[in-house]
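The values are calculated or read from the model by the stated rules, or taken from the named source; none is laboratory data. A quick note: this is a predicted structure, and the numbers were derived from the prediction, not measured. Glycine gets a Cβ as well: all are built from the backbone with ideal geometry, and neighbour counts include every protein chain shown.
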Amino acid sequence: MNATRRAGFTSAVFLLAAGMFVPSAHAAMHPDWTMFGWDAGRSSAPTVPMGITANDLKGLTRQQVKIDGTVDASAIYLHGVTVKGAAHDVFFVTTTYGKTLAIDADRGTVLWEFTPASYDSVKGTYRITTATPVADPDRQYLYAASPDGVIRKLAVADGHVAWSTPVTRLPAREKIAAPLGFFNGRVIAVTGGYIGDQPPYQGHVAILDAKTGKLLHVWNALCSNRHELMDPKTCPESDAAIWGRAGAVIDAKTGDIFVATGNAPWNGIEHWGDAVIELDADATRMLGNYTPENTEQLNETDQDLGSSSPVLTGGPYLVQGGKDGILRVLDWRKMAGTAPHRGGESSHVPTPAGARLFTAPAVWQHAGASWMFVADNNGTAAFTLAGDRLQPRWHNARAGTSPVVADDMLFVYDPQGGLYVYDATSGRQLGELECGEGHWNSPIVADGRIALPEGNANDHDTSGVLDIWRLAGH
C-alpha cells in the first residue's frame, strides 16, 4: 500500500458515512451516525458538526430508557426515517442476546423490537454478542448480529427480516464480538472466541452481499489457504480471534480491510496469530502483514496483539495497540505484500497507563495534524503523530472505553460510571454527565443528542438502560 493511497483516506471518509454520495444540505445539518466509529475507517471523529457545544453541556437533560437487554456496544442513529408510517429520529441498538431495538430519539419510546428465534436458547448463557449494528446507506435497512452466528438485514420501518446469513459453522465457539461494517454494497463481519478461548474456533472475515445476503468471500486467520466458511474442527490450529472493538477497519478510498488477530500460532504462511493484516476489498488477497518479533511469547502469555483494532492515521502509518500495553507505530509501506513481516516497528510508546488496551482509539485530523486519543482501564491520553512517532499531548488518570471526538470535544465513558467531556486539544475537563457502570459501552454524539448504553455483557442480564442526553427543544 503506497502513501498516496493512504493519504486519500480522510478525504473520502464522509462520502462513505453518507452512503458514497455527496450529502445534501439537509443531511449535513442533521448527520446520521450509521456505524461504530462513525465512518468505515472507525475514526470516531465526525468531520461535520454534531450539534453540541461546550456551553450546552450544563443544559443537557438525561433520559434513562429501560430496554430488554444489555447493550455492551454503542448505538447508531438515523435522522428523520420512516418507522411505522411516521417520521422519527431513531437510535438503534443490539443487545447481548441478539435483540435489536429501534428507539425514538426524542421520546425514548421503543418503536419496534426484533427478537431472533434463538433468543430463548441463549439468554442467560455465555453465548453473547457485543456487536454494534450498521445502517445501509439507503437508510431503509440495517444489519445486526446475534449469538446464533447469524447476520440479519432488518427493515428500518418495522424490524422485519429481509435476509439472514450465518457467518460461522460453530456459533457455540465462534463469537461475533466486534461491530459490523459496510462498504460499497457489502456487509463485513468478523469472528472471535468466547472467554476462555475454548477450541476449536478461527477468527475470520466474512463479506456478505448487502442486497441478497449471499456470503461472497471468507478470509481465515488460521488455515488462510482455505477460502471458505470452515468447520473449525477441520483446521489443525485454533484461535486468532478478530475481536478488537473496531472490528474490521476499512480504507474508505480503496476499500482495503485491516484487521488484527489474537493469540494463535504464526508462521507467515497460512497461520496468522497475533498479526495485523491488510486484505483487499473482497477479502480474497493479502496486501500486507505484520507480527511483532516476540509473537511466540505473545501467544504463550495471552498478550493478544489484536485486543485492539488497527488505527488508520490518514498517512502511511498505522498504530496497533495490544494487551502488552504498547502502542506500535508501523510504516505500512514496509509491510506490503504476502511475504511475512516480523518486527520492524517504526516506534512505540506505552498505552496511557501502560495497561492492556481493549478500546478503539479515536483519530482526529485537526489544524494539519493527526491526533489520536486512547483510553485504557487506568488513563486517557492524547497524542499527535509527528513523522513516525507518537508525541504525547496530554494525559489524565481516568479510565475510559472507546473515545469519541465531536465539535472539538472528547467524550470518554468511564466504565465505573460517568461520561467525561474534555477540550480535545488541551485535555481540560469541560463537563461530567452522570450515568451508571458498564464495560465496553461507548457514546455517540449526533444531531444535538448523546446516546450511551450502560451495563456489562458478562453480567448476563436480560434488561438494561440506554442513556439519552438532549438539548433543550429536543
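Report yes if some residue within region 49-65 is among the polar types (S, T, N, Q), farther than 22 Å from Ser309 by Cβ, touching a Gly at 6+ places or on another chain (Cβ under 6 Å) and modelled with pLDDT of 95 or more; otherwise report no.
yes
With respect to Pro171, determine if the residue is at pLDDT 95 or above, in contact with a helix residue (DSSP H, G or I) (Cβ under 8 Å, 6 or more places away or on another chain) and not hydrophobic (A, V, I, L, M, F, W, C). Walk me through it before giving the result.
On the way: at pLDDT 95 or above: yes; in contact with a helix residue (DSSP H, G or I) (Cβ under 8 Å, 6 or more places away or on another chain): no; not hydrophobic (A, V, I, L, M, F, W, C): yes.
No, not satisfied.
For region 72-123, which residues satisfy the criterion of being assigned to a loop (DSSP other than H, G, I, E, B), farther than 29 Å from Gln416 by Cβ and of a type outside the set (D, E, K, R)?
Correct list: Gly85, Thr109, Thr115, Pro116, Ala117, Ser118.
Report yes if Gly455 is surrounded by fewer than 21 Cβ atoms within 10 Å (Cβ to Cβ), small (Gly, Ala, Ser) and within 30 Å of Thr125 (Cα to Cα), otherwise no.
It is false that Gly455 is surrounded by fewer than 21 Cβ atoms within 10 Å (Cβ to Cβ), small (Gly, Ala, Ser) and within 30 Å of Thr125 (Cα to Cα).
Among the numbered criteria (1) buried (at least 22 other Cβ atoms within 10 Å of the Cβ); (2) of a type outside the set (Gly, Ala, Ser); (3) in a loop (DSSP other than H, G, I, E, B), which one does Leu298 miss?
Only one criterion is unmet by Leu298, namely (3).
Give region 157-185 a look and list any residue that's under 17 Å from Glu228 (Cα atoms) and under 19 Å from the mean Cα position of the chain (by Cα), or say none.
Step one: filter region 157-185 for residues under 17 Å from Glu228 (Cα atoms), giving 165-171, 174.
Result: Val167, Glu174.
Report the residue count in region 185-209 for those that are touching a helix residue (DSSP H, G or I) at 6+ places or on another chain (Cβ under 6 Å) and over 16 Å from Gly306 (Cα atoms).
Initial filter on region 185-209 (touching a helix residue (DSSP H, G or I) at 6+ places or on another chain (Cβ under 6 Å)): 200-202.
Now drop any that are not over 16 Å from Gly306 (Cα atoms), which leaves 200.
Number of matching residues: 1.
Since Arg127 meets every condition but one in (1) outside any strand (DSSP E or B); (2) under 21 Å from Val65 (Cβ atoms), which condition does it not meet?
Only one criterion in (1) outside any strand (DSSP E or B); (2) under 21 Å from Val65 (Cβ atoms) is unmet by Arg127, namely (2).
Considering region 232-246 alone, what residues qualify as being over 15 Å from Val218 (Cα atoms) and buried (at least 24 other Cβ atoms within 10 Å of the Cβ)?
Asp239, Trp243, Gly244, Arg245, Ala246
Within region 134-179, can you find the residues that are over 26 Å from Pro200 (Cα atoms), out of contact with any Lys or Arg (no Cβ under 8 Å at 6 or more places or on another chain), part of a loop (DSSP other than H, G, I, E, B) and not charged (D, E, K, R)?
Pro137, Gln140, Gly159, His160
Do we have Gly255 as part of a loop (DSSP other than H, G, I, E, B), under 27 Å from Leu318 (Cα atoms), in contact with a Leu (Cβ under 9 Å, 6 or more places away or on another chain) and of a type in the set (Gly, Ala, Ser) here?
Numbers: part of a loop (DSSP other than H, G, I, E, B): yes; under 27 Å from Leu318 (Cα atoms): yes; in contact with a Leu (Cβ under 9 Å, 6 or more places away or on another chain): no; of a type in the set (Gly, Ala, Ser): yes.
Spelling it out, it is not the case that Gly255 is part of a loop (DSSP other than H, G, I, E, B), under 27 Å from Leu318 (Cα atoms), in contact with a Leu (Cβ under 9 Å, 6 or more places away or on another chain) and of a type in the set (Gly, Ala, Ser).
Select, from Gly344, Gly387, the only residue that is over 23 Å from Asp324 (Cβ atoms) and of a type outside the set (A, V, I, L, M, F, W, C).
Selected residue: Gly387, the only one of Gly344, Gly387 that is over 23 Å from Asp324 (Cβ atoms) and of a type outside the set (A, V, I, L, M, F, W, C).
Given the condition surrounded by fewer than 21 Cβ atoms within 10 Å (Cβ to Cβ), of a type outside the set (Asp, Glu) and out of contact with any strand residue (DSSP E or B) (no Cβ under 7 Å at 6 or more places or on another chain), answer yes or no: does some residue in region 320-336 qualify?
There is at least one residue in region 320-336 that is surrounded by fewer than 21 Cβ atoms within 10 Å (Cβ to Cβ), of a type outside the set (Asp, Glu) and out of contact with any strand residue (DSSP E or B) (no Cβ under 7 Å at 6 or more places or on another chain).
How do the strands (runs of 3 or more DSSP E) wholly within region 332-427 filter down when requiring 3 or more residues that are over 18 Å from the mean Cα position of the chain (by Cα) and more than 30 Å from Asp280 (Cβ to Cβ): which remain?
379-386, 389-396, 419-423
Assuming Ala252 fulfils every condition listed in (1) on the phi < 0 side of the Ramachandran plot; (2) surrounded by fewer than 22 Cβ atoms within 10 Å (Cβ to Cβ) apart from one, which condition is it?
(2)
Which one of these is closer than 24 Å to Gly436 by Cα and acidic (Asp, Glu): Asp104, Asp89, Asp136?
Within the list Asp104, Asp89, Asp136, the selection yields Asp104.
Considering region 362-371 alone, what residues qualify as being of a type outside the set (Gly, Ala, Ser), closer than 19 Å to Arg328 by Cβ and surrounded by 24 or more Cβ atoms within 10 Å (Cβ to Cβ)?
Val363, the sole residue that qualifies.
Considering only region 96-110, how many residues are surrounded by 21 or more Cβ atoms within 10 Å (Cβ to Cβ) and either over 29 Å from Ala40 (Cβ atoms) or of a type in the set (A, V, I, L, M) (or both)? Working first, answer last.
From region 96-110, those surrounded by 21 or more Cβ atoms within 10 Å (Cβ to Cβ) are 96-103, 105; that's our starting set.
Now restrict to residues that are either over 29 Å from Ala40 (Cβ atoms) or of a type in the set (A, V, I, L, M) (or both): 101-103, 105.
Selection size over region 96-110: 4.
Identify, please: which residue in region 270-282 is touching a residue at least 60 places away in the same chain (Cβ under 8 Å) and buried (at least 22 other Cβ atoms within 10 Å of the Cβ) and is, among those, nearest to Ser346 (Cα to Cα)?
Filtering region 270-282 for residues that are touching a residue at least 60 places away in the same chain (Cβ under 8 Å) and buried (at least 22 other Cβ atoms within 10 Å of the Cβ), the one nearest to Ser346 (Cα to Cα) comes out as Glu278.
Restricting to region 228-237, and then to whatever is without any contact (Cβ under 8 Å) to a residue 40 or more places away in the chain and either within 18 Å of Ala131 (Cβ to Cβ) or assigned to a loop (DSSP other than H, G, I, E, B) (or both), can you tell me which residue is nearest to the chain's Cα centre (by Cα)?
Per the stated criteria, the residue is Glu228.
Looking only at region 199-227, count how many residues are in a loop (DSSP other than H, G, I, E, B), farther than 12 Å from Ala283 by Cβ and not aliphatic (A, V, I, L, M).
11
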